[in-house]
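Here the structure comes first, spelled out in structure tokens, and everything after it is commentary.
Here, each number is a calculation from the coordinates, and none is a lab measurement. Not measured: the values here are computed from a predicted model. For neighbour counting, all protein chains shown are included, and Cβ atoms are generated from backbone atoms with ideal geometry for every residue, glycine included.
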Amino acid sequence: MRGADAVEAAAATPPVRRTSRSASPFDSARRRALGVFVVPALAVYVLVVIAPTLLTVWISFHRWAGAGPMEYVGIGNYRFMLRDPAFHRSFVTTMVILFVVGAITFTVAFVLTMLLQDMAGRRFVRAVVFFPSLLPGLVIAILWGFLFDPQGLVNHVLTLLGVDEPPLWLGADHLFSTVMAGKVWLSAGTYTVIFMAAADRIPRYFYEAADLDGASAVQRFRHVTVPLMSGVAGVCAVLWSISALKSFEFMLAFAGATGQLPPVSLWTFPLYSYATAFAADAAAGFGVASAAAVMTLALSLVLTILVRRVLAERTHVEY
Amino acid sequence: MPTTTTSQPARRDARANRPLARPRLTRRPSRRPRRGRSPLHLILLPAAWSLAIFDLFVVGWLFLNSLKTTPEIFEDPWGLPSRPRWHNYVDAWNVAHFGEGVLNSLVLVVASGIATLSLAAPAAYALTRFRWRWSGPVTVFFAMGLGVPAQSIFIPLYVGMDRLGLVNTLWGLLLVYTATNLPFAVFFLTGFFASLPHELEEAAALDGAGPGYTFWRIMLPLTRSGLLTLFVLQAIGDWGETFFALVFLQDKKTISLALLNFTQTVQYTGAEWSVLFAGICIIVIPLIALYLWTGRRLVEGIAAGYGR
């Protein structure tokens, strides 16, 4: 039955064949099935992800409160946003997460990878270190907040160690650093797992050759491990950029007693968008929130391309 | 290096037959030589262990605190509970609405997981295996979705769903989760399908199987482990999802909303930390169970998904 169908189809439409290679009934049956296989996923994806993205760009050029007429304001929303101190704070925080927290996270992950390579109990340590990455950001943030609470465990330990006046970790002075340290704790595990898998794929004879040439541990690391892991590190850099631009729930949990949102010093791009979209005073509304979102999107695009470009220049090693 | 010289002939033989796999597999157990350790190692090694111990400690401490009374948590942060208060869990489940949150989140995670898989698996299969001019571009088009953050789609989605009456329903959130999971799912599964041998499909076609039958009865079962890994990864991601839940639900609760709500009341009243800890345990325990069950496969799945 099916075979006959396929033959019939192949016979019915011979002239549109692109190349002689694809003329088999096998391929033509598959081509007819293509729609059933791909279209549902594509439709849902376009409808819920792509179309809203484009609409967000459209909304960002309008003043709009969600209902009623839209008023075209050109780049007015962008100008408003760029003058908004809350946006400046969000920009700085997001950039700090992107670059500073990113650098520390990658360093921690890299050091752990190197240490775990020839350590007893590596599987166990890897499994444990990875665990925080599985927990919802909100949970980690609440635990972190409780650990660093004035009466929390960290200060308890510090008092036991003889520190008379342990710092107020969640006070205005330290809140930012405390939260950033929490983000490192949350993220390091994922990248350790990825780096370790990449390091495991480096063939041993490279290290043996380096040993024979009298390379020290640092030289082995510098000249064998680092170049061979740059591809994976690049993928991770893209992943990190995207996730840094999405940082939301970890900050959200540090909302003080004042209300639903954390202090502005902890705002990131998503928080800024969320807060302006549903602001109580509704002065800014959807337009400005969309403008901030478009900026995030543009930044994520630029970063992805940039990282790809930097990596493409390196020689790609096959092993 | 005596080991290399003695194994030299054997290695060469093995190489002649099987280029790579043989020698590496047999030599796996002896990892890198342990000599040449720098003093840096001696400082960092304890640091690595203490990080692991810290993580374990936090989980244990969380569980212990969930069984204490609130005064006990503050007065005796290190001690065991005088008498385990399982009632905290009952309070968290009922009074703090974690029960409702768990049920809603469970429905969302399972339903959106299944929906994503049933959309992404055929698409990924067709994109890797069918000879089609647009396969490459469409795959890239899906992958682009990985870079679209939640904040750049929520406004039109909110307005649209509001008009369709989908705000404050689980259906709306289900649709959003399913769609936002698609890019990663397609990306992950294309890697899986690409690694399967072509001969099976050709043999199936010779036996008269159409593409649908081949996919469903032959190729899909071969990717079972990949599908399971993907399902677990998505479940972990969506279990505590906050942004979309916060936007699309108002009085309904997922676990993250229950948690957020309760944290705020705790901060206002300063009471019932013990119930909060019990609530966190309710969220975390399923994840621990899942991790213990699928642990190694999960870790390797993540490494494979990104590491290439």
Original post:
Magnitude of the Cβ-charge dipole of the stretch A:37-191, K/R +1 and D/E -1, about the Cα centre, nearest 20 debye?
Top reply: 480
Original post:
Each residue of the stretch B:240-255 in turn: what ³J(HN,Hα) in whole Hz from Karplus with 6.51, -1.76, 1.60 and θ = phi - 60°, glycine and Pro shown as x?
Top reply: x, 4, 10, 4, 5, 4, 5, 6, 8, 10, 10, 9, 6, 10, 9, 4
Subject >> Under the Karplus curve 6.51 cos²θ - 1.76 cosθ + 1.60, θ = phi - 60°, whole-Hz ³J(HN,Hα) for the stretch A:33-41, x wherever Gly or Pro sits >> reply: 7, 3, x, 4, 6, 9, 4, x, 4
**OP:** Work out from phi, with θ = phi - 60° and the Karplus expression 6.51 cos²θ - 1.76 cosθ + 1.60, the ³J(HN,Hα) of each residue of the stretch A:155-161, listed in order in whole Hz, and give x for Gly and Pro.
**Re:** 5, 4, 5, 4, 5, 4, 7
**OP:** Run the numbers on the stretch B:102-270 and let me know its relative contact order in percent, using alpha-carbon pairs under 8 Å that are six or more apart.
**Re:** 38
**OP:** Calculate I(q)/I(0) for the stretch A:80-200 by the Debye formula, one identical point scatterer on each C-alpha and no solvent, and give its log10 at q = 0.10, 0.23 Å⁻¹ to two decimals.
**Re:** -0.42, -1.22
Original post:
Cα-Cα pairs above 42 Å in the protein assembly as shown: how many percent?
Top reply: 32
Original post:
What's the center-to-center distance, using Cα atoms, between the stretch A:70-104 and the stretch B:229-280 in Å?
Top reply: 27
Subject >> Overall form of chain A per C-alpha gyration tensor (a/c, 1.5; a/b vs b/c) >> reply: oblate
**OP:** Please work out the Cα center distance from the stretch B:140-176 to the stretch B:82-114, rounded to the nearest Å.
**Re:** 26
Original post:
According to the Kirkwood expression over distinct Cα-Cα pairs, how big is the hydrodynamic radius of the stretch B:68-142, in Å?
Top reply: 17.0
Original post:
Of A:55, A:44, A:253, which is farthest on the positive side of the dipole of the protein assembly as shown, counting Cα position, with +1 on Lys and Arg Cβ, -1 on Asp and Glu Cβ, and the Cα centre as origin?
Top reply: A:44
**OP:** Taking amide H positions as placed in the peptide plane 1.01 Å from N, state which residues far from residue A:62 in sequence (5 or more) or on other chains have amide H under 5 Å from it.
**Re:** A:73
Original post:
Mind checking the dipole of chain A: about its Cα centre, +1 per Lys or Arg Cβ, -1 per Asp or Glu Cβ, Debye to the nearest 20?
Top reply: 1220
**OP:** Mind giving me the FRET efficiency for residue A:75 and residue B:293? R0 is 45 Å, r the Cβ-Cβ distance, nearest 0.05 is fine.
**Re:** 0.30
**OP:** Compute the relative contact order of the stretch A:80-313 as a whole-number percentage, counting only Cα pairs closer than 8 Å that sit 6 or more residues apart in sequence.
**Re:** 28
Original post:
Toward the positive end of the charge dipole of the stretch A:173-263, about the Cα centre and with charges on Cβ (Lys, Arg +1; Asp, Glu -1), which of A:210, A:188, A:234 goes farthest?
Top reply: A:234
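Semi-axes, largest first, in whole Å: what does sqrt of 5 times each Cα gyration tensor eigenvalue give for the stretch B:93-132?
Value: 38, 5, 4 Å, ordered largest first.
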**OP:** Would you work out which of B:135, B:182, B:167 lies farthest towards the positive end of the dipole of the stretch B:102-270? Charges go on Cβ: Lys and Arg +1, Asp and Glu -1.
**Re:** B:167
Subject >> Amide H contacts of residue B:67 (H built 1.01 Å from N, under 5 Å, at least 5 apart or other chain) >> reply: none
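Only Lys, Arg, Asp and Glu count, each charged at its Cβ (+1, +1, -1, -1), so figure out the dipole size of the protein assembly as shown about its Cα centre, rounded to 20 debye. It would help to have the intermediate numbers written out before the result.
On the way: 50 positive and 35 negative charges, 580 e Å.
Roughly 2780 debye for the protein assembly as shown.
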